[in-house]
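To keep things clear, I will list the structure first and then write my remarks on it.
The values are calculated or read from the model by the stated rules, or taken from the named source; none is laboratory data. Small disclaimer: the values here were computed from a predicted structure and weren't measured. Virtual Cβ from ideal backbone geometry, glycine too; neighbours counted across all protein chains shown. For the accessible areas, the whole protein counts, side chains as well, though only heavy atoms, and no ligand, DNA or RNA atoms are used. Shrake-Rupley method; radii C 1.70, N 1.55, O 1.52, S 1.80 Å.
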Amino acid sequence: MNAENQENPGKQPLRVLLCSPRGFCAGVVRAIDCVEQALKRYGAPVYVRHEIVHNRFVVESLKAAGAVFVDELDEIPDTKAPVIFSAHGVPKAVPEAAARRNLFALDATCPLVTKVHREAEIHHKRGREIVMVGHRNHPEVVGTMGQLPQGAVTLIETLADAAAFAPRDPQRLAYVTQTTLSVDDTAEIVALLKKRFPAIAEPHKEDICYATTNRQDAVKRVAPQVEAMIVVGAPNSSNSQRLKEVAERSGCRVVALVERAADIDWTKFGAIRSLGLTAGASAPEVLVEEIIGAFAARYAVNVETVSTAEEGVFFPLPRGLRENAAV
């Protein structure tokens, strides 16, 4: 990245602190690979229910390759073509409906989301009422709550919700969380639930995923050191929105969530001498490079990477898409 250094006396120096980890996580890589491998193996079209990940650049690239995105299965004609479920997970009714129609379904749900699904099911089988900490109408929350009968899961979005929650039996209670929440906000809500209901059962391993935690930790390190910060990501991406909030709470006075370099409001940056840069888990690195290039056109940029964790997580593709799987 130091190749971006600009020895141009006409430009104001700008120190760019690049957060690491940033961008794609293992679940997003697996989901995009699912669509790309399905197109390679079976040809176009490949149908995808919901955006495979929350990033317009990724979705448009896959559309250009032959993917067809739909909101619901009833938009898909009777076909032998693959039908892929997005990384966010789906309610149980969706694969059941696909099976009734004999659709060739491939599940790209992130394995860490599937873990939350299984936890919720186990608690339900053990007779526990379940609380889910998450954001209403987010597809991951819809998918998790949809694993169980209506009314089995109560959604908690805020501390006020946690304070007002009245369980049927405080001794038979469990909680799960969305994987892409603010680590700090969720800790506050969980602490209140535990204080009110000491017997509440918790996940064997924290539900907020490693990638969400690592990206937020990197932002906490960088945000206090810079005058402004950019989060590369989509407005409907939960983990990207949380990165923006974390940067603001960490003391950075100017924080912008942008999808592309063309979205940057340059009036917000002006005479800054330091900039933090990160990307949500569904934002490709090419967009980070595009934004560095846009700043390099206006400033004498010097890029430094600030690393807070190493990531080596890998998730295999669904069986129907692995190299040795029968076609």
Just to confirm a number: summing +1 for Lys and Arg and -1 for Asp and Glu over residues other than PHE57 whose beta-carbon lies under 14 angstrom from that of PHE57, what do you get? -4
Nearest 500 deg cm²/dmol is fine: what mean residue ellipticity at 222 nm does the chain get from its DSSP H runs of n ≥ 4 alone, each adding -39,500 (n - 2.57), divided by its residue count? -10500 deg cm²/dmol
Under a Cβ-only charge scheme (Lys and Arg +1, Asp and Glu -1), can you give me the dipole magnitude of the range 28-163 about the Cα centre, in debye to the nearest 20? 440
May I ask you to derive the relative contact order of the range 81-176, considering only C-alpha pairs under 8 Å and at least 6 residues apart, and to give it as an integer percent? 32
Averaged per residue, the 1.4 Å probe accessible area of the range 242-327, protein heavy atoms only, in Å², is roughly 49
When the gyration tensor of the range 234-309 is built from Cα positions, what are the square roots of 5 times its three eigenvalues, in whole Å, from largest to smallest? 19, 15, 14
Within the accessible area of the range 1-146, what % is carbon and sulfur when the probe is 1.4 Å and the other protein chains stay in place? 51
In a Gaussian network model of the chain with springs linking alpha carbons closer than 10 Å, the residue among GLU157, GLU245, GLU96 that fluctuates most is GLU96
Percent accessible area from carbon and sulfur atoms, the range 191-327, protein chains only, probe 1.4 Å: 50
Scoring only Lys, Arg, Asp and Glu (+1, +1, -1, -1) among other residues with Cβ under 14 Å from the Cβ of LEU173 yields +3
So what is the relative contact order of the chain, in percent, for Cα pairs below 8 Å that sit 6 or more residues apart? 28
Averaged per residue, what accessible surface does the range 49-154 expose to a 1.4 Å probe, in Å²? 46
Scanning the chain for helices, which whole DSSP H stretches are 15 Å or more long along the axis (Cα) and average 0.0 or more by Kyte-Doolittle? 26-42, 183-196, 285-296
Using alpha carbons only, how many angstrom separate the centre of the range 174-240 from the centre of the range 46-108? 28
Hydrodynamic radius by Kirkwood, which averages 1/r over all alpha carbon pairs of the range 119-197, in angstrom: 12.6
Could you compute the net charge surrounding ALA87? Neighbours are other residues with a C-beta less than 13 Å from the C-beta of ALA87; K and R count +1, D and E count -1. -2
Of the cross-linked pairs LYS244/LYS268; LYS92/LYS195; LYS92/LYS194; LYS63/LYS220; LYS92/LYS115; LYS125/LYS244, which ones have a Cα-Cα span greater than 26 Å in the structure shown? LYS92/LYS195; LYS92/LYS194; LYS63/LYS220; LYS125/LYS244
Please list, or write none, the aspartates and glutamates whose alpha carbon is within less than 20 Å of the alpha carbon of LYS40, excluding same-chain residues fewer than 8 places away. GLU51, GLU60, ASP107, GLU323
